[in-house]
Every structure is written in C-alpha cells, then in structure tokens.
Amino acid sequence: MTYENLLLSEENNILIVTFNREKALNALNRRTMLELNHLFSEDAPARTNLKGIVLTGAGDRAFVAGADIKEFLEMEGEKGQNMAQYGQDTLFLIERFSKPVVAAVNGFALGGGCELAMACHLRVAGEKARFGQPEVNLGIIPGYGGTQRLTQLVGKAKSLELCMTGEMIDATEAHRLGLANYVVPAGEEVIMAINLIEKTATKGPIAIAKVIESVNAFFEDGVDGFAYEIKAFGETTNTTDFREGATAFTEKRTPKFEGK
Ligand code: COA
C-alpha cells in the first residue's frame, strides 16, 4: 500500500510514524485509518527486526485532532457503527502489537487522537499537548474505545467528567492522572519515545511481548489475567533468552538476547 497520510521513517530499527495532514491538524480521515490498519496488520509485523514504533503528528500544533469531522456529515446509523467497529479493530492492532508502541503527543490529542494515544503502550506528552474527548460537543460519543481505555487509565470519575464535559486537559494534568507516562519540553517528545523503546530493546523480546499480552489480558472479556500470566511465565521460562539472561546474571555480564 502507498501511504498518503502517514510518513514512515525507520532508523536504528525504530519505526517513526507521522500522521501527516497538518492542515487538518492530522485528523483521521477514512484513508488514514485504512493506512493505519494496513501498517499494523501487515507492514509492521513483516518488519521483524523492529524494536518498536513511535506515533507522532506532523507540525507543532497537533498529534491528531480526532476523527475527520468533515467526513462525519455523511455518516448515520449503520455507517457510524461500521466506522466505530473499524476504528476499534484498528486500535486493537496497536494495543496488541508485540513490540512497544509509544505515542509522542506533540499537540492536540482529541477524540480519535486521544483514543489513538491511549491504544499505545506508553504516552510521552510534550508541554503543548492537550488531551480530551470532545465528542459530546458534536452530539456523539467516543467510538474508538475512548470510554473504555480512558476509564482504564484514569478511573471512572475522571473518565466520566472528561467524556461528559468534553473539556481538554494539559500535559501536566494528563501526567497527574496517569494518562501520560512522561511530560517533556515541546519538540522532545519523539526523542523521549525513542529512549523508552531503546530501554525495552535491551530486554528479552519474548518477555516484552508477553508483558504486553499479560497486561492486556487484565482487560480482556472472559480472560483470567492471573491464569494468562502463569501460562505466559511458563512460556518465557522455556526460551533460550531466559537461559541467556540468567546465565549472564551469574556471570556478571550483559545478556545477549536473540528473541528465541
Ligand atoms: N476534523 C477535520 N478537520 C479538523 C479537525 C477534525 N477533527 N480538527 C481541526 N480541523 C481543521 C479545521 O477545520 C481547520 O481547517 P480549515 O483551516 O480548513 O478551516 C484546521 O484544522 C485548523 O483548525 P482550527 O479549528 O482552525 O484551529 P484552532 O486552533 O482554532 O482550534 C482545535 C484547534 C483542535 C481546538 C479545533 O480545531 C477543534 O476543536 N477541532 C475538533 C476537535 C474534535 O472535536 N475532535 C473530535 C472529533 S470526533
């Protein structure tokens, strides 16, 4: 697939994905969602050497200012439901990706943009970042998982407040609430996101994938997270990486993990 709205650059096995519709504050139109889905279902999994992925927005104003409101006008009933289904399916691809995905939030992360950031494993907020679920201003509700992931991240009271008032919060407040992992000076979001991925890249890759799966299991319907963790732990103890990690510890050297 040719990417029209996503800019991809890979450096040192880290993929930087930039939402590139600056004039529309990087709003997620249909084409962008198709590209994002393709990226996480086909392209990224095929890049087997990746350490992780950073998502960010073009320009210095927005990460992603939501779904494209101009396309909403064509939407009603079943079309709206299909749009939400596709959006949720796409964001689940991100949440379930086996390598760290970090949102470098460089400006407005509103509506679908906040939902996108929340589907990432970690969020770095620049000082100019603004988060919010303003859908009620349009007479709709979040549809890409916002009511669920915001509640998971900040709790019911704040989630209800943010979704019902539609008000934006700044980076400091997002950090205080646990929505942002870090706040950094404007312009340093991507560097910090890369640093976080580099940190995880020194660990056992299978262990990282199993951490992601096991934490996600807490929120999966009908899945016993504790039982999932026991199974995943067992799987990690059967890896060459575990033997290497434990041996390196006893030999007082840095482990060389191979993802096996
Ligand atoms: N969808 C489509 N276009 C959008 C957009 C969105 N979600 N958010 C911003 N844009 C466009 C604006 O229409 C404008 O385009 P124009 O120059 O062709 O008119 C351009 O981006 C700049 O936005 P503008 O509103 O002029 O900037 P601002 O600084 O005054 O306000 C925001 C910035 C983010 C507060 C404001 O754009 C906004 O509220 N956007 C919608 C956010 C939202 O409700 N998202 C959830 C959608 S469900």
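Given the pairs Lys23/Lys51; Lys158/Lys203; Lys99/Lys256, which are separated by over 26 angstrom at their Cα positions? Each step should come with its number before you reach the end.
Numbers: Lys23/Lys51 31 Å; Lys158/Lys203 34 Å; Lys99/Lys256 18 Å.
Beyond 26 Å between Cα atoms: Lys23/Lys51; Lys158/Lys203.
Counting DSSP beta bridges with both partners in segment 1-75, what percentage is antiparallel, nearest 5? It would help to have the intermediate numbers written out before the result.
Values: 6 of 13 bridges.
The answer is about 45 percent antiparallel.
Where both residues lie in the chain, what percent of DSSP beta bridges are antiparallel, nearest 5? All intermediate terms of the calculation are to be shown ahead of the outcome.
Details: 8 of 30 bridges.
Approximately 25 percent, going by the DSSP bridge assignments.
Which percent, to the nearest 5, of DSSP beta bridges fully inside segment 1-146 are antiparallel? Write down the numbers at each step before the final one.
On the way: 6 of 25 bridges.
Given both bridge residues lie in segment 1-146, the antiparallel proportion sits at roughly 25 percent.
To the nearest 20 debye, what is the magnitude of the charge dipole of the chain about its Cα centre, counting +1 on the Cβ of each Lys and Arg and -1 on the Cβ of each Asp and Glu? Numbers along the way, then the final one.
Values: 27 positive and 35 negative charges, 134 e Å.
Its charge dipole is roughly 640 debye.
How large is the helix-only mean residue ellipticity at 222 nm for the chain, computed as the sum of -39500 (n - 2.57) over DSSP H runs with n ≥ 4, divided by its residue count, in deg cm²/dmol to the nearest 500?
On the way: 11 runs with 118 residues, N = 260.
Taken over the chain, the calculation gives -13500 deg cm²/dmol.
Rounding to the nearest 10 and keeping the result within 0 to 90°, find how far the Cα-based axis of helix 205-219 lies from the longest principal axis of the chain.
50
If you put +1 on each Lys and Arg Cβ and -1 on each Asp and Glu Cβ, how big is the dipole of segment 48-160 around its Cα centre, in Debye rounded to 20? Walk me through the numbers before you get to the answer.
Details: 12 positive and 11 negative charges, 117 e Å.
Its charge dipole is roughly 560 debye.
To check my understanding: the extent here is largest minus smallest coordinate of the Cα atoms along each principal axis. What are those three numbers for segment 6-200, in Å, largest first?
Taking max minus min along each principal axis of the Cα atoms, segment 6-200 gives 44, 34, 30 Å.
Among Ile141, Asn12, Ala227, pick out the residue whose Cα is farthest towards the positive end of the charge dipole of the chain, where Lys and Arg carry +1 and Asp and Glu carry -1 on C-beta, about the Cα centre.
Asn12
Treating the angle as unsigned and between 0 and 90°, give the value, to the nearest 10°, between the Cα long axis of helix 189-201 and the longest Cα principal axis of the chain.
30
Could you tell me which of rounded, prolate or oblate describes segment 140-260, using a ≥ b ≥ c as the square roots of the eigenvalues of the alpha-carbon gyration tensor, with rounded for a/c under 1.5 and, failing that, prolate when a/b is larger than b/c and oblate otherwise?
Numbers: a/c = 3.49, a/b = 1.62, b/c = 2.15.
Because a/c hits 1.5 or more and a/b fails to exceed b/c, segment 140-260 counts as oblate.
Counting GluC sites (Glu not before Pro) as exposed when in a DSSP loop with at most 10 other beta carbons within 10 Å, what is the longest stretch of the chain free of them? Please report the intermediate quantities before stating the final value.
Values: sites that count: Glu74, Glu76, Glu251.
Longest stretch, sites excluded: 77-250.
If I fit a long axis through the Cα atoms of helix 156-165 and take the longest principal axis of the Cα atoms of the chain, what angle between them do I get, 0 to 90°, rounded to 10?
30
What dipole magnitude, in Debye to the nearest 20, does segment 205-250 give about its Cα centre under +1 on Lys/Arg Cβ and -1 on Asp/Glu Cβ?
Working: 3 positive and 8 negative charges, 43 e Å.
For this selection, approximately 200 debye.
Would you please give the FRET efficiency between Ile230 and Thr202, computed as 1/(1 + (r/R0)^6) with r the Cβ-Cβ distance and R0 = 35 Å, to the nearest 0.05?
Values: r = 26 Å, r/R0 = 0.74.
It comes out at approximately 0.85.
Hey, how many Å between the Cα centroid of segment 118-194 and the Cα centroid of segment 23-94?
First find each Cα centre; the distance between them is then 17 Å.
Amide H of Ala62: which non-local residues (sequence gap of 5 or more, or other chain) have their own amide H closer than 5 Å, using H built in the peptide plane?
Phe108
Throughout, read-outs are computed from the coordinates displayed, never taken from laboratory work. From a predicted model like this one, the values you see are computed outputs, not experimental measurements. Ideal geometry is used to build each Cβ from the backbone, glycine not excepted, and the neighbour counts take in all protein chains shown.
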